[in-house]
Amino acid sequence: MAEEKKVIIDNEDGDSAEINLQMKQAEPQVEENTPDLAAELENLKAELNAKDDRFLRLQADFDNFRKRTAREKSELAAVIEQAFLKDLLPLLDNLSRASEAAESAEQADVETLRKGIEMIKQETVAVMGKHGLEPIETLGKPFDPNYHQAVGTVKDETKDDGLIAAELQRGYIARGRVIRPSMVQVVNNS
């Protein structure tokens, strides 16, 4: 006769695993056949030791798997971070050149400096877009608290209530998640 028993094992991370064990129950024998009982007892002990050994091996394999997975996640995060920083290096180089150009010229050509800064801005937007960053559209759109943070209201008879009248700080979304909501002023004519 076999009985199924559920065992729940908790590890140090708070995770738990449920294992179904099938245990054979020894049926009491009425016979007084001592050699058969001793042999059956030895068989049951051997079977229990084998199952204990298998259980310990499975537990060790799971522990190794958990450690390997954590290490791989950490390594992947480091690779992604390095790739992002590598993409930012040209921006840092261009900002350094612009700063040196502004310092070295006695009377810097303001238009040239403005164009240089605009090019750096465009390059920054392209790098951020490559990594999934998108600006949140605001002007003329209805106020949505999931994407916008209202910091004030304005009266504007030409626009409907609840529309965004002005963007004070641009908000961004990265891969569908709001990184920073847009700070906006909302039309309120009442």
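The values are calculated or read from the model by the stated rules, or taken from the named source; none is laboratory data. This one's a predicted model, so the numbers in the text were calculated from it and none came from an experiment. Cβ atoms come from the backbone with ideal geometry, glycine included; neighbour counts cover every protein chain shown.
Can you tell me how many residues within region 163-190 are small (Gly, Ala, Ser), exposed (fewer than 14 other Cβ atoms within 10 Å of the Cβ) and more than 30 Å from residue 88 (Cβ to Cβ)? The total comes to 1.
Looking across region 86-111 at every residue that is surrounded by 13 or more Cβ atoms within 10 Å (Cβ to Cβ) and closer than 29 Å to residue 135 by Cα, the one that is modelled with the lowest pLDDT is identified as 98.
Quick check on this structure: which one of 118, 72, 123, 137 is surrounded by 10 or more Cβ atoms within 10 Å (Cβ to Cβ), on the phi < 0 side of the Ramachandran plot and outside any helix (DSSP H, G or I)? First the steps, then the outcome.
Numbers: 118 fails: outside any helix (DSSP H, G or I); 72 fails: outside any helix (DSSP H, G or I); 123 fails: outside any helix (DSSP H, G or I).
Being surrounded by 10 or more Cβ atoms within 10 Å (Cβ to Cβ), on the phi < 0 side of the Ramachandran plot and outside any helix (DSSP H, G or I) holds for just one of 118, 72, 123, 137, which is 137.
So, in region 47-85, how many residues would count as being closer than 30 Å to residue 131 by Cβ, touching a residue at least 40 places away in the same chain (Cβ under 8 Å) and over 18 Å from the mean Cα position of the chain (by Cα)? Don't jump to the end; show me each part of the working.
Looking only at region 47-85, we keep the residues that are closer than 30 Å to residue 131 by Cβ, and these are 66-85.
Filter once more, so that each one left must be touching a residue at least 40 places away in the same chain (Cβ under 8 Å): 66, 84.
If we keep only those that are over 18 Å from the mean Cα position of the chain (by Cα) too, we end up with none.
Looking only at that region, the number is 0.
Residues that are among the polar types (S, T, N, Q), at pLDDT below 95 and over 30 Å from residue 127 (Cβ atoms) do not occur anywhere in region 65-85. Evaluate region 158-179: report whether one residue or more is closer than 30 Å to residue 83 by Cβ, at pLDDT 90 or above and part of a loop (DSSP other than H, G, I, E, B). Looking through region 158-179, at least one residue is closer than 30 Å to residue 83 by Cβ, at pLDDT 90 or above and part of a loop (DSSP other than H, G, I, E, B). Of all residues in region 140-157, those that are assigned to a strand (DSSP E or B) and over 28 Å from the mean Cα position of the chain (by Cα) total 5.
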